[in-house]
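The values are calculated or read from the model by the stated rules, or taken from the named source; none is laboratory data. Since the structure is predicted, the reported quantities are computational estimates derived from the model, not experimental observations. Cβ placement follows ideal geometry from the backbone for every residue including glycine, while neighbour counts extend to all protein chains displayed.
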Amino acid sequence: MVQLKIISLFTGIGGFELGFEQSGVQHQVVGYSEINPFSIQVFQQHFPGIPNLGDVSGIDWKRINFNMVVGGSPCTDVSKAATMRQDNKERGLKGEHSSLFYRYVDAIKARPRCHFILENVASMSKDTKEEFTRTLQNASHRNVYCVTLDGSPFTGQARRRYFWTTWEIPAQTNIESPYPWKNTLFPKRMPKKSYTQVMQ
């Protein structure tokens, strides 16, 4: 089996890295790209020794040996909240932050047969979602699949995200029904002392 040599972009504190570590899949993270100092500090604590490639816009992809790309490009300009901005130039994939998606695409173009997982917000418009899919398809020379997953069973909040991959992922069951965290987080019956205090 060919070992996955992963390059991680928009890494944050290492969610994808943790997922691969817990999956048991043989892999090596050959480099990551993150510029937020706090995120870098947390990442290095949990995954020491992996080189930080710095700003994603300055990476020379040809100098890195990888066969898989992972990451979640910024959703700042493509989320539903972005539609409330008055300046149209800041919206969608032409926005300053979300246009960094194309740097992710550059990595794929440098290794056209590589595999990838890309994550982004599920509240983007249909046209933007189609642009993501079309661009990834053209860059990768592979079939591209998109699935909607909700992190609520794991995070305690509704957190729907699109994931684009080079292989099919089964649809998540009951995605329309958020995980009932309130049944776990809140007691069904308030203790008498607290109830009395509330009623005073």
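Per-residue answers, yes or no, for (1) among the basic types (K, R); (2) in contact with a strand residue (DSSP E or B) (Cβ under 6 Å, 6 or more places away or on another chain); (3) at pLDDT 90 or above; (4) in a helix (DSSP H, G or I):
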| site | (1), (2), (3), (4) |
| --- | --- |
| V105 | no, no, yes, yes |
| R113 | yes, no, no, no |
| I117 | no, yes, yes, no |
| E130 | no, no, yes, yes |
| R134 | yes, no, yes, yes |
Condition first: out of contact with any Asp or Glu (no Cβ under 9 Å at 6 or more places or on another chain), hydrophobic (A, V, I, L, M, F, W, C) and farther than 16 Å from I108 by Cβ. Now tell me which residues in the range 21-66 satisfy that.
V25, F38, V42
Of everything in the range 97-118 that's crowded, with 19+ Cβ neighbours inside 10 Å and not aliphatic (A, V, I, L, M), which residue is nearest to W61 (Cα to Cα)?
R111
Test I50 against the criterion of being touching a strand residue (DSSP E or B) at 6+ places or on another chain (Cβ under 9 Å), within 26 Å of W167 (Cα to Cα) and not in a helix (DSSP H, G or I), and give yes or no.
no
Within the range 154-168, the residues that are at pLDDT below 90, surrounded by 14 or more Cβ atoms within 10 Å (Cβ to Cβ) and not in a strand (DSSP E or B) are R159
Going through the range 8-36 one residue at a time, which ones are β-branched (V, I, T) and either in contact with a Leu (Cβ under 8 Å, 6 or more places away or on another chain) or at positive phi (or both)?
V25
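Of V78, V69, which residue is under 14 Å from L100 (Cβ atoms), among the aliphatic types (A, V, I, L, M) and assigned to a strand (DSSP E or B)?
On inspection, the qualifying residue turns out to be V69.
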So S8, is it in a helix (DSSP H, G or I) and touching a helix residue (DSSP H, G or I) at 6+ places or on another chain (Cβ under 7 Å)
no
Residue check, T133 against (1) within 17 Å of V56 (Cβ to Cβ); (2) surrounded by fewer than 19 Cβ atoms within 10 Å (Cβ to Cβ), all met but one. Which one?
(1)
